[in-house]
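Asker: My questions all concern the structure below.
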């Protein structure tokens, strides 16, 4: 059984480094139309309430890794 290794980008708050972040509502035309094409989404920290942009494919810490059977 082989483990598929891929680069993991951790989704955390750039202001307080808290890992408890959630997706935020999109505001304006830039966040509604342009940023989704670039796979960037707005997020909000649940601790300090700051809002930031991050890649949509980021994984939260603690998610299971995908394993590929190499038989």
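The numbers here are math on the coordinates, done by the rules we state, and not lab data. What you are looking at is a predicted structure, and each value in this text was computed from that prediction instead of being measured.
Asker: Starting from the Kirkwood Rh over alpha-carbon pairs, what translational D in µm² s⁻¹ does segment 11-60 have by Stokes-Einstein at 4 °C and 1.567 mPa s?
Answerer: Values: Rh = 11.0 Å.
So the translational diffusion coefficient is about 118 µm²/s.
Asker: Give, in nm to one decimal, the length gained when the segment between residue 15 and residue 47 is fully stretched (0.36 nm per residue of separation minus the Cα-Cα distance).
Answerer: That works out to 10.5 nm of additional length.
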